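What follows is calculated from the coordinates using simple rules that are stated; it is not laboratory data. What you see is a predicted model, and the numbers here were worked out from it, not measured in a lab. Reconstructed Cβ throughout: ideal geometry from the backbone, glycine too, with neighbour counts over all protein chains shown.
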Amino acid sequence: MPVARVAVPTTVDEAVQALRETPGAQLLAGGTDFCVEVNFGLRRPPAVVALRRVRELRRYEVTPASVVIGAGTTYADMGGPELSSVLPALAAAARTVGSPQIRNAGTLGGNVATASPAGDTLPLLTALDARVRLRGPSGGRTVALGEVVTGVKTTSIAPDEVVVEVVLDRRPGPQQFLKVGTRNAMVIAIASAAVVVDLEAHDVRVALGSVAPVPVRAAAAEAHIADAIDWRAAGGPRASAAALARFAELVADAASPITDHRSTSEYRRRAVQVIARRALERCVARAA
Amino acid sequence: MPAPSGTGIAERVAVGQVADRVGASAARPDGAQKTRGEFAFSSDLWMDAMLWGKTLRSPHVAARIRSIDTRPALATPGVRAVVTAADVPGRPTFGLEVPDQPVFASDLVRYHGEPLAAVAADHPETARAAAMAIVVDYEPLVPLVDPDVALEAAPIHPDGNVFRHLVIRHGDPGATGDVVVEGTYEVGMQDQAFLGPESGLAVPAEDGGVDLYVATQWLHVDRDQIAASLGLPVERVRLYLAGVGGAFGGREDVSLQIHLCMLALRTGRPVKMVYSRDESFFGHVHRHPARMWYRHHATRGGDLVKVEARIVIDGGAYLSSSNAVISNATCFAPGPYRVPNAFIEGYAARTNNPPCGAMRGFGAVQACYGHEAQMDKLAAVLSMDPVALRLRNALERYDRLVTGQVLTGAAPVREVILAAASHPLPPPADPGGSILALPGGAGATAGPGDVRRGVGFAVSFKNVAYSEGFDDFATARLRLETGVDHEPVATVTVATAEVGQGFVTLAQQIVREELGVRRVVLAPASTVDVGSAGSSSASRQTWMSGGALQLACSTLRAELLVRAAELWECAASQCVFDEGEVVQAATGERLSVQDLLSPAPLETEQEFHHRPTKALDADGQGDAHVSFMFAAHRAVVDVDPDLGLLRVVQVATGQDIGKAINPVQVTGQIEGGIAQGIGLAVMEEIVVTEGRVRNPSFTDYLLPTILDMPEVLATVIEEPEPDAPYGAKGVGEPPTISSGPAVLAAIRDATGLPLTRAPVRPEDIALSHGETT
Ligand SMILES: Cc1cc2nc3c(=O)[nH]c(=O)nc-3n(C[C@H](O)[C@H](O)[C@H](O)COP(=O)(O)OP(=O)(O)OC[C@H]3O[C@@H](n4cnc5c(N)ncnc54)[C@H](O)[C@@H]3O)c2cc1C
């Protein structure tokens, strides 16, 4: 009977070797995407390389300039006190994922490798120009997230490569993640938005989820609002209602949503502009 | 062969307190097992050397089958049998009301996911691969998917496309009111979404028959359909109830039963089958989608004058229970109001959509979305308070329904309305509170300033048990004997399917109430040891199986009195039953039950029939129903109109139940039913496009989570029903009927939008809201 072979490496190098030695072998992290696909008959791997025992994938490191998060970091960890104090929007995204059981099992690396348009960590990673460190048989490479996630559930990760960690630059300032779904918990995003405000560089970063094949930046909206914000206003940066409204319009322009059984393109476009604006308004006061 | 393990049918002995009788919140005998994850559900069935079955289903909505080549499957190592329509030994079709559904499609596929073949193999993975290897040559056809079109279109089945057309003409058809409101409404396709997928184990028997362990709602009616298709006498098809993981109507129809038995008989081996979650969405019927047109006439003072309605439900490819569902939708179309004149038409259409059938609320749910929206419209036109308008028109005892039937039973409609309305309203949203309490929940989309609150009200009614002349009965067997420790033991044998409703608890309470016996044993439910219990549906088992058991108890009690009278040499009429003992009235002498059982055990089997009902005549008139349950719901909903997201904050309810035999279980039914009602109002829908099911998974078929569940405030009205045991009506369905319409009304109240469709989707609110602001 087709019983999959299972390798249980304890280091990344062992994992890479196991992938190389077993044709068709696939990586298994928390299994929260993997096992669903097995149940649906979409995935029948002849061999599995399980990452649970690979300690080095589960570490994360916070420095003054950056945050390095191991691929094996779970949503529960991302939503925990340490990471949420430096990446509050990643923590917010992590808290929207699934149920407690899923958050205890599902990992950042799995979210990146699945590359779903609705992957909830991806908007913030996109907003922060995340870099992904991969390791394969011929060594390591570091690639921008945008080059890893190439389309709907497609990546440039080679079959014998392991996502080791994700590197994010720290930005001094508020950040937000908002996600729209038809249910109040455990729901796939119909639309999501991450907004990061840099109080020193005076810029705003906006990335959107579930409204295009891959997470997208709203570059025109970012440029417009960075200009429109009064960064030196007493009591903190503020923007006029008109500037915020224009921001929302430009956000919608960055979206190219589809209509499917979950929602309509029209609604997704509407939703993303509402939440991007609300996210920004939580970071930047509205001028009277 | 030995019995399989994991049947979940082990005898349940409960040593309760004598005080755990009718009216007490006795603990469920299976409660601890279920909460600990130890209860064996039908998917846990196991037998050594068993095979695994897998069904091949059509990827097409409508197609002609040119050929089916099963050889590649049979050639797969490990495959033991492949069966198709050609292998059905007996009747090629099955069905609850009329056998119009093929066991396997042979010439035509009429819906997405219709079974064509089944495979048995050594391993589930082999069975799956082999089923995929079967080569079917299809000629796809243009599916017929619009129920209104279907009524007139060329038939897609020899029985035609109109399952049933029903007309109710009542009073003066020409009557008109000062005020007229009109509307069209739509309800989507809800799924029962029970958590235990269809599963069973068939074991070939030495007598050439088969033993089937299965999760179902009605063992005997399954048995009859299976036996007919197997070409076996019913005695050789024995069904045993396995652990049922929820039902809600979705297990009334046969799903894998016949396939499994065919495979077991063909291979001579036990065969197990468990549907995957996605297959489950294709494996059972759903709640009928409905399109409804309504016109209400009223006086300026707010008295209803006439209700006109046309209700079309989409039955999908096969009949299932569509005839009874459309009867309910039509009979209950006006809601629980005094309506002197009515003209109501109901249609159930056959289409190439997924078959629809029974689901909690059974036709009354769809109609309630219509009549309650109409009542709100009328209140608005009359500038009346919506609750006051409903109170003004509320049915009372001895009123006449639009079917001409006089309400002879309890009808506390005013009481349920007042109870729901008088619960305290929730405090306003707390600005400093958890984001999880706001619309959008964990997605953190709303701030308190983005939210508007609305309040909505809805009232409903529905029949208990089977209607329109159906001979509805239940059977119970009861044995009383002395146990090893000299305590009397009562053994209850009923074929009643315990689907979660808690009849197992009630059965013990009833025996304690009637006989004062502490030790009650529930024998496994099967078709072998006892007659039919009827279906665990239509909110009927408390009344029906409860009635049969009460009858069995009183029969044995009478026999105990006779035994005592013989010992005392007095007349039985001189003896009375008191606290588990027989007392001689004249002398005060007492004999315990165990004393009286010492000569020999006592045993009886009793059938309980409810008062006969009648068919509806050509004008839809007749005493078609035995009894009615009433409920009112008030919903408070916070809406974020810009995003169309919402949170149901509170549902308050008043429910007419006759008598709470077990108050905690009543609360459980009310809370669970409200969750299911809310689900239909705001998220649960099988999305079907051109006949194709788009979301057969719990990823995309959304059920309310605990964060979507409101606070529930419930008042039960206990006005005894005259001919029901203990005066108890059913409890299960009413919470599911008007809770959803109340939620929709609250969303209308919050947004000012008409919202004529359930479930309401975020875009229905956000995009229309955008247009108006
Ligand atoms: C009930 C439920 C709810 C969910 N809700 C959400 C939600 O709200 N938001 C959301 O974004 N997702 C959700 N998901 C999806 C899933 O939880 C996430 O995508 C998760 O991050 C996947 O991580 P995992 O560790 O479980 O990956 P796995 O399922 O183990 O693997 C997923 C894929 O990634 C690959 N992979 C895993 N780790 C690595 C690595 N280190 N290097 C290379 N490839 C790797 C695997 O080979 C596989 O192809 C949900 C899933 C379920 C079952």
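Inter-chain neighbour count for B:273-280: the average number of beta-carbon atoms from partner chains within 10 Å of each residue's beta-carbon is 1.
Scattering from the range A:56-169 was approximated by placing one identical point on each alpha carbon and applying the Debye formula without solvent; log10 I(q)/I(0) at 0.12, 0.16, 0.22 1/Å stands at -0.36, -0.66, -1.29. If you take all other residues with their beta carbon under 10 Å from the beta carbon of residue B:438, and give Lys and Arg +1 and Asp and Glu -1, the sum is -3. Does chain B classify as rounded, prolate or oblate by the C-alpha gyration tensor (a ≥ b ≥ c root eigenvalues; a/c under 1.5 gives rounded; else a/b over b/c gives prolate, otherwise oblate)? Here chain B falls in the oblate category.
Could you tally the net charge around residue B:377, taking each other residue with its Cβ under 12 Å from the Cβ of residue B:377, Lys/Arg +1 and Asp/Glu -1? Charge balance in the 12 Å sphere: -1. Legend: ranking of residues B:213, B:466 from fewest to most surrounding C-beta atoms inside 10 Å; resulting order B:466, B:213.
Extension gain, residue B:299-residue B:36: 0.36 nm per intervening residue step, less the Cα-Cα distance, totals 88.9 nm. Backbone geometry of the range B:286-292 corresponds, through the Karplus equation with coefficients 6.51, -1.76 and 1.60 at θ = phi - 60°, to 3J(HN,Hα) couplings of 10, 6, 5, x, 9, 10, 9 Hz, x marking Gly and Pro.
So if we plug the beta-carbon distance of residue B:723 and residue A:152 into 1/(1 + (r/R0)^6) with R0 = 56 Å, what FRET efficiency do we get, rounded to 0.05?
0.35
Ordering B:413, B:480, A:116 by Cα displacement along the dipole of the protein assembly as shown toward the positive end leaves A:116 in first place; charges were set at the Cβ atoms of Lys, Arg (+1) and Asp, Glu (-1). Ellipticity at 222 nm from helices only: DSSP H runs of n ≥ 4 in the protein assembly as shown, each -39500 (n - 2.57), divided by the residue count, give -8500 deg cm²/dmol. Here the convex hull built on the C-alpha positions of the range B:537-608 has a volume of 97 cubic angstrom per residue.
Figure legend: label point modelled 7 angstrom from the Cα of residue B:74 along Cα→Cβ; residues of the range B:130-165 with amide N under 20 Å from it are B:130-138.
Centre-to-centre, using Cα atoms only, the range B:596-671 and the range B:210-264 are separated by 26 Å. Note on residue B:611 and residue B:154: the extension gain reaches 160.4 nm, defined as 0.36 nm multiplied by sequence separation minus the Cα-Cα distance. Farthest toward the positive end of the dipole of chain B, out of B:532, B:686, B:554, is the Cα of B:686, where the dipole comes from beta carbon charges about the Cα centre. Between the range A:2-61 and the range B:353-369, what is the separation of their alpha carbon centroids in Å? Here the answer is 45 Å between Cα centres.
Let me make sure I get this right: for the range A:5-50, a, b and c are the square roots of the gyration tensor eigenvalues over alpha carbons, sorted descending. Under 1.5 in a/c it's rounded, otherwise prolate if a/b > b/c, else oblate. Which is it? Oblate is the answer for the range A:5-50, as a/c is 1.5 or above yet b/c matches or exceeds a/b. Lysine pairs in chain B whose alpha-carbon atoms fall under 23 angstrom of each other, counting only those eight or more residues apart or on distinct chains, come to 10. The alpha-carbon positions of the range B:156-273 define a convex hull whose volume is 198 Å³ per residue. Taking every alpha-carbon pair under 8 Å whose residues sit at least 6 apart, the range A:5-50 reaches a relative contact order of 54 percent. Under 5 Å between amide hydrogens, built in the peptide plane, is the criterion, and for residue A:49 it picks out A:7, A:26, A:27, A:28 among residues at least 5 positions away or on other chains. Placing R0 at 56 angstrom, the Cβ-Cβ distance between residue A:86 and residue B:146 gives a FRET efficiency of 0.50 after rounding to 0.05.
Spin-label model, residue A:258 to residue A:245: label points 7 Å out along the Cα-to-beta-carbon direction sit 3.4 nm apart. Once backbone amide H atoms are built at 1.01 Å from N, residue B:103 has B:93, B:94 as its partners under 5 Å, excluding neighbours fewer than 5 places away on the same chain. Across the range B:352-369, rounded Karplus estimates of 3J(HN,Hα) from the backbone phi angles (6.51 cos²θ - 1.76 cosθ + 1.60, θ = phi - 60°) give 8, 7, x, x, 10, x, 7, 8, 1, x, 6, x, 6, 5, 4, 4, 4, 4 Hz, Gly and Pro being marked x.
Counted by Cβ distance under 14 Å from residue B:141, the other residues give a net charge of -1, where Lys and Arg count +1 and Asp and Glu count -1. About the centre of its Cα atoms, chain A shows a dipole size close to 640 debye [charges on the beta carbon of Lys, Arg (+1) and Asp, Glu (-1) only; nearest 20 debye].
Its Cα centre serving as origin, chain B has a Cβ charge dipole (Lys and Arg +1, Asp and Glu -1) of approximately 740 debye.
Residues of the range B:581-598 with backbone nitrogen within less than 13 Å of a virtual label 7 Å along the Cα-to-Cβ line of residue B:481, please, listed as ranges. Flagged as within label range: B:598. Arranged from fewest to most other beta-carbon atoms within 10 Å of their beta carbon, B:450, A:169 become A:169, B:450.
Shape summary of the range B:474-608, radius of gyration then Dmax from alpha carbon positions: 15.3, 48 Å. Here's how it looks for residue B:540: its modeled amide H is under 5 Å from those of B:465, which are all 5 or more places away or on a different chain.
Using the Cβ-Cβ distance between residue B:618 and residue B:180 with R0 set to 35 Å, the FRET efficiency works out to roughly 0.80. Each Lys and Arg Cβ is given +1 and each Asp and Glu Cβ -1; about its Cα centre, the protein assembly as shown then shows a dipole of about 2480 debye. In sequence order, the range B:387-402 has phi-based couplings of 6, 4, 4, 5, 4, 4, 9, 4, 4, 10, 4, 6, 6, 9, 7, 5 Hz under the Karplus curve 6.51 cos²θ - 1.76 cosθ + 1.60, θ = phi - 60°, and Gly or Pro positions carry x. Using a cut-off of under 17 Å, list every residue of the range A:95-125 whose amide N is near the label point 7 Å from the Cα of residue A:169 along the Cα-to-beta-carbon line. Residues passing the 17 Å test: A:124-125.
The mean count of C-beta atoms from other chains within 10 Å of the C-beta of residues in A:257-270, rounded to a whole number, is 4. Between the residues A:7, B:127, A:148, the greatest Cα displacement towards the positive end of the dipole of the protein assembly as shown, with unit charges on the Cβ of Lys, Arg, Asp and Glu, is found for A:148. Our note on the geometry: Cα centres of the range B:388-439 and the range B:79-151, 45 Å apart. Using a simple spin-label model with pseudo-atoms 7 Å out from Cα toward Cβ, residue A:40 and residue B:600 lie 6.5 nm apart. Per residue of B:638-651, other chain Cβ atoms within 10 Å of the residue Cβ number 3 on average.
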